[in-house]
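See below for the structure under consideration.
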Amino acid sequence: MRLENQRLVIDTSVLINLIASDDITKILTGLSSEILITESVSRELKKHPKDGRECGPLLSSLIERGLLKPVKLLPNALELYLDLTFELGDGEASVIAYTVTQNQCAVVIDERKARRICQERFQLSPILCTMDLFQEYFFRMKPNEQKFRQLLFNAVKIGRMRILIEEHEIWVQEILGTNLIQQCPSLKRKK
């Protein structure tokens with residue numbers, strides 16, 4: 001799926017995965033989409049997934065450079081948000097509420113329950129995940145394979161990025177290879 005010039009509302013886990021890649025700036029610059037974050041997502045992200053340092057300065061820098069755009073929930077979205085917080089975390093609830101009440105936005109969320117709510121209750125389409133952003137970056141920018149492998153490995157290992165779709169899983173296996181996959185707890189299958 002191509003993500004040309006879309007408005008994408010990303011959840012905290014997606015933001016964590018992009019930061020964990022160790023070059024969120026390169027990835028966001030390589031996407032042609034506008035990346036939106038809610039106040040709840042900003043609040044949930046406190047520590048860098050790699051070294052635990054404060055994430056506020058990084059977020060401020062990404063916002064100042066126009067790579068992330070903060071958005072506020074309008075009154076109708078706030079009502080939906082409050083309802084969703086009974087079932088989901090604040091970030092997930094805010095991302096879904098914003099997407100449902102705004103036109104021409106797509107949700108980017110990795111948590112299975114939140115994705116199911118997007119599909120079953122609100123019939124949102126498309127429902128994207130972090131891997132869709134990585135694939136879009138890869139196909140648009142055609143980065144050096146070794147550098148991209150490291151970005152993806154960092155997101156999976158440090159960010160504990162989940163791979164939700166079988167096609168994504170096959171692609172990740174091809175890029176990372178067996179040795180790197182074995183180092184990633186989030187990719188290990190239960191037997």
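Quick notes on this structure:
- Efficiency of FRET from Cβ geometry, Glu54 and Leu82, R₀ 30 Å, rounded to 0.05: 0.60
- Magnitude of the charge dipole, segment 78-173, Cβ model with Lys/Arg +1 and Asp/Glu -1, debye to 20: 440
- Placing unit charges on the Cβ atoms of the charged side chains and taking the dipole of segment 97-191 about its Cα centre, the candidate lying farthest along the positive direction among Phe148, Asn179, Tyr137 is Asn179.
- Long pairs among Lys26/Lys157; Lys47/Lys113; Lys47/Lys142; Lys46/Lys142, criterion Cα-Cα beyond 28 Å: Lys47/Lys142; Lys46/Lys142
- Percent RCO, i.e. relative contact order, over the chain, from Cα pairs under 8 Å lying at least 6 residues apart: 27
- Ordering of 32-40, 179-187, 11-19, 87-95 by burial proxy (mean other Cβ atoms within 10 Å per residue, highest first): 11-19, 87-95, 32-40, 179-187
- Cα gyration tensor category, rounded, prolate or oblate, for segment 29-94 with a/c compared to 1.5: oblate
- Residue order, fewest to most beta carbons within 10 Å, for Cys129, Cys55: Cys55, Cys129
- Ranking of Cys118, Cys105 by neighbouring Cβ atoms within 10 Å, starting from the fewest: Cys105, Cys118.
- Extents of segment 7-130, largest first, come to 36, 28, 26 Å (Cα atoms, principal axes, whole angstrom).
- Cβ-placed point charges (K, R +1; D, E -1), dipole of the chain about Cα centre in debye, nearest 20: 560
- Largest-first principal axis extents, alpha carbons of segment 42-191, Å: 49, 37, 29
Here, each number is a calculation from the coordinates, and none is a lab measurement. Here the structure is a predicted model, which is why all the values come from computation and not from measurement. Reconstructed Cβ throughout: ideal geometry from the backbone, glycine too, with neighbour counts over all protein chains shown.
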